[in-house]
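Bear in mind that the values in this text are calculations on the coordinates, not laboratory data. As the structure is a computational prediction, the values presented were derived from the model and not from experiment. Quick reminder, even Gly has a Cβ in these numbers, built from the backbone with ideal geometry, and neighbours come from all protein chains shown.
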Amino acid sequence: MTPFDRRAFLQSSAGLAAMALMPDFLAAAPTADEPVGFAVIGAGRQGRAVMSEIQKLEAAKVAVVCDNDPGRLRSGLGRAPGAEGVEDFRTAIDRRDVQAVVVATPTHVHRAIVEAALAAGKHVYCDAPLASTVDDAQAIAKAARSAKSVFAAGFEGRSNPVYKLARTFFRSDSVRELIAMRAQELQKTSWRYPSSDPARERAVNWRLDPEVSIGLVGELGSHQFDVVSWYLGDYPTSVRGTGSIRLYHDGRTMPDTVEADLGYEKGARLQYLASLACSFEGRHEVFYGSNATIKLAWTHGWMFKEADAPTQGWEVYANRQQFHKDEGITLIADATKLASQGKLKEGVGLPNPSLYYALEDFLRAIVDGSPVGCDALEGMRSTIVGVLGHQAVTSGETIAIDPALLELA
Amino acid sequence: MGTRFELALPGNGRPRRDLRAAGEAALDEIAEWDRRLSAFRRDSLLSFLMREAVDRPVPIDRDTFGLLAMCVDTWRRSGGLFDIAVGGAMRAWGFRDGIGTTPASMVEAVGANHSSADVLLDPERCTVRLARPGIHLDLGGVAKGHAIDRAAAVLRDAGIEHALLHGGTSAVAALGAPDQADAWSIAIAVPDGAAPPVRVALRDASLAVSAPHGRMVGGHGHIIDPRTASPAACAMVAVVLGRSARDCDAWSKPLIIDPGEHGRPVGMPDELTSFVACTDDSGLCYRGGGPLWDAVTASERPIVRSVLP
């Protein structure tokens with residue numbers, strides 16, 4: 001064996017042994033004798049993405065697509081060959097070939113659809129945030145609790161294999177003392193959608209409508225707050241925020257840039273920034289620890305170890321990425337399998353969009369009773385944190401989050 | 001798709017915020033198709049098909065099915081000069097990772113193994129299946145044009161009548177014309193300044209350009225002849241005009257590899273116009289054919305007006 005061969009062999013075998021200690025988070029897709037029939041309510045961008053991911057699941061099929069806009073319905077049907085199109089969500093829910101309903105409409109109209117679907121005995125996956133008011137979020141959670149069917153909230157982070165893997169490190173003391181937390185979602189987009197029909201313009205641009213929208217903190221931030229709560233096992237006790245229009249002086253009143261500060265028990269704090277005016281570094285969450293810092297960026301995750309942190313063995317052979325002066329250990333969801341195939345580097349990033357894994361968890365729950373990624377209660381809590389965060393941005397006041405608000409009576 | 005997409009939206013009296021919203025929706029559509037069709041992304045639909053469609057027929061959406069059906073049809077019509085199964089050769093030659101050190105034996109193996117015949121499409125069920133494992137699909141020869149077609153459709157749905165979109169300056173769609181003009185004026189550079197740029201006037205039409213100098217690795221141009229799985233000896237520049245940027249994009253590859261005597265590859269649909277710039281004994285020359293080419297006199301060439309009926 002040449003020196004190079006020997007080194008490669010040693011690296012490969014040692015890496016394999018060490019990687020075997022890491023759990024794999026890419027489970028096989030669920031199977032069923034008959035595919036579960038889905039109705040997708042809402043055929044906008046999110047609804048169409050849902051259809052694309054359902055098509056990948058052998059145990060599922062899109063039976064019905066529902067939208068009250070003919071153009072969007074037509075577009076949605078193109079994504080789901082063989083599905084029927086309907087304009088009224090009640091028609092979709094009542095169909096006998098529909099066992100599961102995905103609610104992908106604007107946030108403020110989720111409640112009526114979820115309640116109707118659960119009352120009809122259908123399994124429901126509701127896009128997150130669940131609602132735009134505390135009352136609606138609680139009502140959805142209550143309806144889910146009373147139902148015998150499966151309910152999943154679309155906080156996808158909890159199903160994301162990279163996030164699951166990173167959470168095992170976070171929960172197993174790799175970070176040690178939590179020093180601080182920071183999260184951001186930066187995009188360069190006006191959040192305005194075109195419509196050739198002026199009568200529909202307000203409905204299409206519901207995110208910019210202060211009457212119904214919970215803004216950047218509610219619509220985007222709630223997903224990231226949910227990740228933080230899931231990692232900490234705790235919800236914030238206070239939130240304060242500010243917002244302003246930094247770029248889009250186009251008649252809107254909804255801020256295009258917001259900052260929020262969330263306080264947790266034991267003194268932990270999350271600094272949050274969201275903007276539509278700048279896309280630098282996009283979306284990520286960072287957990288700063290005394291032994292290591294974990295950075296999560298939806299499809300990717302890294303761990304940055306402190307020089308004095310104990311070595312855990314496996315990371316010696318792990319894939320790494322340089323960020324200016326810091327070196328991150330890449331967190332790979334199916335590292336053991338890929339290491340055994342000598343393809344560790346090819347495993348950076350997720351094999352599917354995170355939405356796929358959330359829907360896969362939902363389908364698995366229907367087929368074999370496994371837990372969903374995010375249940376109704378946790379979904380309600382993160383939604384309420386987002387709603388209150390938006391209120392803090394709007395009012396400029398610090399809002400105390402009553403723990404009782406996050407429980408169901 | 002590893003390139004820059006741009007669009008220009010003349011005002012024509014519409015509020016700037018509406019134009020921006022429409023432009024963002026069009027660029028979002030392009031970004032979505034990049035996520036779906038990229039051979040470089042592990043989470044793209046294309047990568048999913050390469051992993052899963054060997055074991056079972058995978059249902060896909062109508063748009064993607066239509067795109068794959070068009071690709072297989074173009075492979076058949078062109079006698080294999082356009083082939084989405086060329087991904088293995090692209091990888092072997094280093095066009096995926098920039099290292100062009102492929103042994104000839106690997107190229108032979110890659111070339112012998114796969115073709116678009118291995119892409120099995122069921123129009124009734126709208127499914128795709130791959131006949132043999134190990135196939136590397138690469139839609140780089142058509143994805144830009146397809147994304148531009150879809151983005152143009154988004155603009156039209158938003159009521160936009162005048163716009164110019166391009167991807168990497170090689171695939172272009174023109175809606176209407178800019179203010180106070182009959183058409184969008186496009187200049188196509190001839191390599192090494194061998195001649196003045198070719199000018200094309202584009203209105204409600206599309207155009208695609210292919211040229212080997214666009215990307216070089218290891219001294220080779222990036223256009224692979226699928227029949228040999230090796231970089232092709234090409235014309236200097238090939239241009240296709242037609243209604244669909246997707247069709248133009250796809251047919252620009254057979255055209256540049258083998259333009260024939262008349263600047264038209266075997267099997268090219270009649271409605272497409274094509275021309276190539278190449279060199280012969282007398283120097284730079286243009287060869288072309290198709291409705292727009294035939295409509296202008298020899299003295300006007302290579303200026304082409306693409307105001308389609």
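Values computed for the structure shown
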read-out	value
Average beta carbon contacts from partner chains per residue of B:19-26, 10 Å cutoff	5
Of A:Ser244, B:Ile186, A:Val62, farthest towards positive along the dipole that unit charges on Lys, Arg, Asp, Glu beta carbons give the protein assembly as shown	B:Ile186
Rounded to the nearest 20 debye, dipole of chain A from Cβ charges on Lys, Arg, Asp, Glu	700
Per-residue mean of C-beta atoms belonging to partner chains within 10 Å, peptide A:190-199	5
Whole-Hz couplings from phi, Karplus 6.51/-1.76/1.60, listed for the stretch B:44-53; x for Gly and Pro	7, 4, 4, 5, 4, 4, 5, 7, 9, 6
Expected 222 nm ellipticity per residue - DSSP helices of 4 or more, -39500 (n - 2.57), all of chain B, to 500	-9500 deg cm²/dmol
Across A:Lys61/B:Lys144; A:Lys188/A:Lys295; A:Lys164/A:Lys337; A:Lys188/B:Lys144; A:Lys164/A:Lys266, pairs whose alpha-carbon gap is larger than 26 Å	A:Lys61/B:Lys144
For chain A, diffusion coefficient by Stokes-Einstein and Kirkwood Rh (Cα), 25 °C, 0.890 mPa s, µm²/s	109
Most to least packed among A:275-287, B:267-279 [average Cβ atoms within 10 Å]	B:267-279, A:275-287
Charge dipole (debye, nearest 20) of the stretch A:271-394; +1 at Cβ of Lys and Arg, -1 at Cβ of Asp and Glu	220
Average partner coverage of B:153-159, which counts Cβ from other chains inside 10 Å	3
Cα lying deepest toward the dipole's positive end in the protein assembly as shown, options A:Ile214, A:Thr105, B:Ser210, charges on Cβ	B:Ser210
Footprinting exposure proxy for A:Arg252, B:Arg264 (fewest neighbouring C-beta atoms within 10 Å first)	A:Arg252, B:Arg264
Per-residue Cβ neighbour rank within 10 angstrom, fewest leading, A:Leu408, A:Leu355	A:Leu408, A:Leu355
Helix axis angle, A:110-119 relative to chain A longest principal axis, alpha carbon, degrees	90
For the stretch A:151-245, radius of gyration divided by Kirkwood radius, i.e. Rg to Rh on alpha-carbons	1.07
Ranked list, fewest to most other Cβ atoms within 10 Å of each Cβ, for A:His390, A:His110, A:His223	A:His223, A:His110, A:His390
Percentage, to the nearest whole number, of Cα pairs in the protein assembly as shown over 43 Å apart	31
Loop chymotrypsin sites (Phe, Trp or Tyr not before Pro), the stretch B:1-96 (other Cβ atoms within 10 Å of the site Cβ: 14 or fewer; DSSP)	B:Phe40
Under the Karplus curve 6.51 cos²θ - 1.76 cosθ + 1.60, θ = phi - 60°, whole-Hz ³J(HN,Hα) for the stretch B:168-178, x wherever Gly or Pro sits	x, 6, 10, 10, 9, 10, 10, 9, x, 8, x
Selection from B:Val172, B:Ala89, A:Gln187 lying farthest towards where the dipole of the protein assembly as shown points positive, charges on Cβ	B:Ala89
Folded to 0 to 90 degrees: helix A:3-19 orientation relative to chain A principal axis, Cα	50
Rh by Kirkwood over Cα pairs, then Stokes-Einstein D for the stretch B:1-61 at 0.692 mPa s and 37 °C, µm²/s	236
Phi to ³J(HN,Hα) by Karplus 6.51 cos²θ - 1.76 cosθ + 1.60 over the stretch B:145-161, Hz, x for Gly, Pro	x, 5, 4, 5, 4, 5, 5, 5, 5, 4, 4, 4, 4, 8, x, 7, 10
Among A:55-62, A:374-381, the order from most to least packed when residues are scored by Cβ within 10 Å on average	A:374-381, A:55-62
Choice from A:Leu118, A:Leu262, A:Leu247 with maximal GNM fluctuation in chain A (Cα, 10 Å cutoff)	A:Leu247
Largest-first principal axis extents, alpha carbons of chain B, Å	55, 52, 35
